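Encoded as structure tokens, the structure appears first; notes follow it.
Just so it is clear, none of the values below were taken in a lab; they were calculated from the coordinates. All values derive from a computational prediction rather than experimental measurement. For neighbour counting, all protein chains shown are included, and Cβ atoms are generated from backbone atoms with ideal geometry for every residue, glycine included.
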Amino acid sequence: MKAIMKEQTDWSNRQLLHKLAFTIFLILCSSVATMVADGRILAFYPKLQDKKPQLDLTISSDAVSGMGNPNDPVKFTVKLINSGDEKVNGILGWGINSTAISPAKIPDQVIQIDAGKTKEFTKTIMLPQAGFVEMACKFQQSETVKAIQKKVRVGCNPNQLLTPLTQQDDFDEFWERSIAELKSVPPVFKTVERSKMSDGDIQVFEVSMRSHNQVRVRGWLEVPRKASKPLPAVIRVPGYGQSMKPVGKCDDMVVFSFNPRGHGNSQQDISGQPNNFWIRGLDNAETYYYRSSYLDCIRAVDFIASRPDVDQDKIAVWGGSQGGGFAFATAGLDSRVDYCIADIPFLCDWINYFRLSHWPEMDNWIAEEPQRSWESTLRTLSYFDTMNLAERIGCPTLMSVGLQDGICPPTTCFNTFNRIPGEKNYRIYPNKQHGLGKEHYAWIWTQLREAFSTE
């Protein structure tokens, strides 16, 4: 009986608690409704406010398609837009980033812009004989408010850019010895069909091979089933940390999507993490990551050259960003490459690269050890600077860049491209940054087919 009475008491207490909680809930709801009605909820819960950005800044130039003629004036126009309800005060600063000109410093301006108003400011500079100029504009309200900043780049005669080479005295010997080391490693090609990835038109294979220092590297091979003769082949190489995978239907070419060590399906022996390829082993050219990864790309050419279903006079290498650098390097180190395609290429003209872009990772790496310096680091990097390999490229070359690219500045790309002695073409996208889009990708496939007469 006592147990039953206790159970009833507990039940009653629970009911009272439920009623109390519900009453409190109703009171809160009523209060919130009142606050919503008179607008106080907006102050209580700011996320409900319809806040518009108070300030915006735009910058543009009058250079047609971003390009002009030597010594022509180019006007940059900045618009500062105050869409808020209050007057804004701040400082407008200008900055020019270029290896082609050394302009005088532009003084800062104290600015006041009323609510709902737009103010316009202009600066004019003279274009260089050849090169690129990036104009930046920054508006800073106060130390506690994040500055807003925009940039725009213009250019002139990029095909005439030429910066001095940085080759070390033993540059040629270094690469001859490196390639000899690669040749001493039996490739042990293994090709396994992945039937789930294949279809009625295309067979897909996972390919593995041994490369420099016995490291296993892999890629994805796509072969048209109905080919009646050897076909052109394209070796696709990855951007920084990218995983190359099959591209899908391509019934007129053999496609090899290759992953150098640390990328994609080539991480069994060399991990892709941390994603720090450009500082791995950088203390010594012998141990630097890009020594072995360049050799990996040559091994990929070895594989394609071993295929009886590939036309050995129609081998292309194609990549973007880091892959663009791989494409330049592979074509420079291996004469079997018949066509080189480099999109927004990285690994070009290291000295100007660090003048035009800032990467704390490299600064931090140098600061970690007392024996490291910018001088010694640039000396090691010079062995892998595609600018120093460009004169070896004997095949037709196509390069595309984004004029507004801040990751791989066009200046550095052209200082490699302009060293290529043979047939070459380039395309500049005036408004693109580090990515050229699907239309460009489709256009490249068209260029490949035209170059190899597969249309």
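The table below gives the values:
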item: Sequence-distant residues sharing a close amide H with Ile344 (under 5 Å, placed H); result: Ser321, Ser400, Val401, Gly402
item: Interchain or long-range residues, amide H under 5 Å from Gly84's placed H; result: Gly116
item: FRET efficiency estimate (nearest 0.05) - Cβ-Cβ, Glu143 to Ser376, R0 41 angstrom; result: 0.65
item: Segment Asp62-Asp251, extension gain: residue separation times 0.36 nm, minus the distance between their alpha carbons; result: 63.6 nm
item: Between the range 168-210 and the range 328-393, the alpha-carbon center distance in angstrom; result: 23 Å
item: Likely footprinting exposure, Ser98, Ser208, Ser65, fewest C-beta neighbours within 10 Å first; result: Ser65, Ser208, Ser98
item: Correct option for Cα Rg over 2.2 N^0.38 Å [calculated from the coordinates] among (i) 1.33; (ii) 0.95; (iii) 1.08; result: (i)
item: Per-pair calculated FRET efficiency, R0 = 45 Å: Asp199 and Gln312 via Cβ, rounded to 0.05; result: 0.95
item: Given charges at beta-carbon only (K, R positive; D, E negative), |dipole| of the range 298-369 in Debye; result: 200 debye
item: Computed FRET value (nearest 0.05) for Glu450 with Lys183, which takes r as the C-beta separation and R₀ as 51 Å; result: 0.90
item: 5 angstrom amide H check on Ile202, placed H, neighbours 5+ away; result: Arg225
item: Gain in span if fully extended, Tyr240 to Ser335, counting 0.36 nm per residue against the direct Cα distance; result: 31.7 nm
item: Helix-derived mean residue ellipticity, 222 nm - over the chain, DSSP H n ≥ 4, -39500 (n - 2.57), to 500; result: -9500 deg cm²/dmol
